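Below you'll find the structure, written out as structure tokens, and then a few comments.
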Amino acid sequence: MKSRPLSFQPDIDDIIRKCTFCSLAMVDAEGKPYVLPMNFGYSDKVIYLHSAPEGKKIDILKQHPDVCVGFSADLELRYRDVDVACSYSMKYKSVLVYGKVEFIADLKEKAAALDVIMRQYTSESFTYNAPALNNVCVYKVVGELFEGRVYGY
């Protein structure tokens, strides 16, 4: 069985919304890959992320804003014959999103982005005070290219 490409945007959106984390891939100043698991929010082809305002990731993203964000859902081990190792594989649905990181400085935009992130995990409403908004780095990746793949479904 071969994996099949997935291009119908509502199917891609469903996979992203099922995920509890994403993998943010970037390239550092020496050309080395750097990948981190991240909490995220997703709305209208935009991925919202947040972190501390300083550190290796922020340094990289400010110099090289091109990123790839990976999502995987519905992972399930499958096999044709329990006694044959080569018959084992993993069912999956995955999406890669390519784009550029854009940092959000405006406090109202930060709060709106944090609301999107929180909606990924809870239906609760939140308010954010100025010190909290000033001490968090919030950024977004506007999806320029979406690549989906499905295997076993």
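Among residues that are touching a residue at least 12 places away in the same chain (Cβ under 8 Å) and closer than 25 Å to Gly148 by Cβ, Ser23 is included. Against the test of being exposed (fewer than 12 other Cβ atoms within 10 Å of the Cβ) and under 30 Å from Val150 (Cβ atoms), the options Asp44, Asp74 yield a single qualifying residue, Asp44. In the range 113-144, the qualifying residues are those that are closer than 24 Å to Pro65 by Cα and of a type in the set (Asp, Glu), and the one that is nearest to the chain's Cα centre (by Cα) is Glu144. Every condition in (1) touching a helix residue (DSSP H, G or I) at 6+ places or on another chain (Cβ under 9 Å); (2) over 20 Å from Asp13 (Cβ atoms) holds for Ala105 except the one numbered (1).
Could you list, in sequence order, the residues of the range 110-153 that are polar (S, T, N, Q) and surrounded by 16 or more Cβ atoms within 10 Å (Cβ to Cβ)? Let's see the steps before the verdict.
We begin by selecting, within the range 110-153, every residue polar (S, T, N, Q); these are 120, 122-123, 125, 127, 129, 134-135.
Within the range 110-153, Gln120 is the sole residue that qualifies.
Scanning the range 81-105 for residues that are more than 21 Å from the chain's Cα centre (by Cα) and either touching a residue at least 12 places away in the same chain (Cβ under 8 Å) or closer than 16 Å to Val142 by Cβ (or both) yields a single hit, Ser89. Checked against (1) surrounded by 11 or more Cβ atoms within 10 Å (Cβ to Cβ); (2) under 26 Å from Val116 (Cα atoms); (3) polar (S, T, N, Q), Ser87 passes all but condition (2). In the set (1) of a type outside the set (A, V, I, L, M); (2) over 19 Å from Val116 (Cβ atoms); (3) in contact with a helix residue (DSSP H, G or I) (Cβ under 8 Å, 6 or more places away or on another chain); (4) surrounded by 10 or more Cβ atoms within 10 Å (Cβ to Cβ), Asp81 fails one condition alone, (4).
Within the range 135-153, restricting attention to residues that are small (Gly, Ala, Ser) and in a loop (DSSP other than H, G, I, E, B), which residue is nearest to Lys91 (Cα to Cα)? Walk me through how you get there before you give the answer.
First, pick out the residues of the range 135-153 that are small (Gly, Ala, Ser): 143, 148, 152.
With in a loop (DSSP other than H, G, I, E, B) added as a condition, the list becomes 143, 152.
Values: Gly143: 25, Gly152: 5 Å.
Selected residue: Gly152.
Need at least 1 residues that are under 21 Å from Gly152 (Cβ atoms) per element, so show me which strands (runs of 3 or more DSSP E) inside the range 1-110 make the cut, counting only ones lying wholly within it.
4-6, 22-27, 66-79, 88-104
We did not get these values from a lab; they are worked out from the coordinates using the rules stated. From a predicted model like this one, the values you see are computed outputs, not experimental measurements. When we count neighbours, we look across all protein chains shown, and the Cβ atoms used for this are built from the backbone with ideal geometry, even at glycine.
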